[in-house]
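Readers should treat all values here as calculations from the given coordinates under stated rules, not as data from a laboratory. The model shown is predicted, which means the values in this text are computed figures rather than measured ones. Counting neighbours? That spans all protein chains shown, and the Cβs are built from the backbone with ideal geometry, glycine included.
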Amino acid sequence: MTLTETYNAILNRKERKRIRESMREVFGVGVGAVYNWLSGRTDPPEYMREKIAEIFGKTTEELFPAEEEEVYDENITNECGLPRSVNDRSSLE
């Protein structure tokens, strides 16, 4: 489960508040930054991820799965004639 999914799975309001306050104290950031991370609006900086994983009792791989890297094939183009990502299968149907 990602950071957002893990946080949302915590039903106890006091525990959710404890986590938010802990993150603010540990990283010296405001409420907005923590909210953005926990809601998935933005990702926390790389150097903070290990400590966040410790707070949640998870690994960084669990909370921050690697995103699929875009790969382009010059032989496959989009409607503008530009190389299209081979990950994009929308026009292959």
For region 19-29, in residue order, the Karplus 3J(HN,Hα) values (coefficients 6.51, -1.76, 1.60; θ = phi - 60°; whole Hz; Gly and Pro = x) are 5, 4, 5, 4, 5, 4, 5, 4, 9, x, 10
Please go through region 1-58 and write out the trypsin sites (Lys or Arg not before Pro) that DSSP classes as loop and that have at most 16 other C-beta atoms within 10 Å. 41, 58
From the phi of every residue in region 32-44, what ³J(HN,Hα) in whole Hz does the Karplus formula 6.51 cos²θ - 1.76 cosθ + 1.60 yield, where θ is phi - 60° and glycine or proline is x? x, 5, 4, 4, 4, 5, 6, 8, x, 5, 9, 9, x
Could you please tell me the mean projected area of the C-alpha convex hull for region 1-60, averaged over all directions and given in square nanometres to one decimal? 3.7
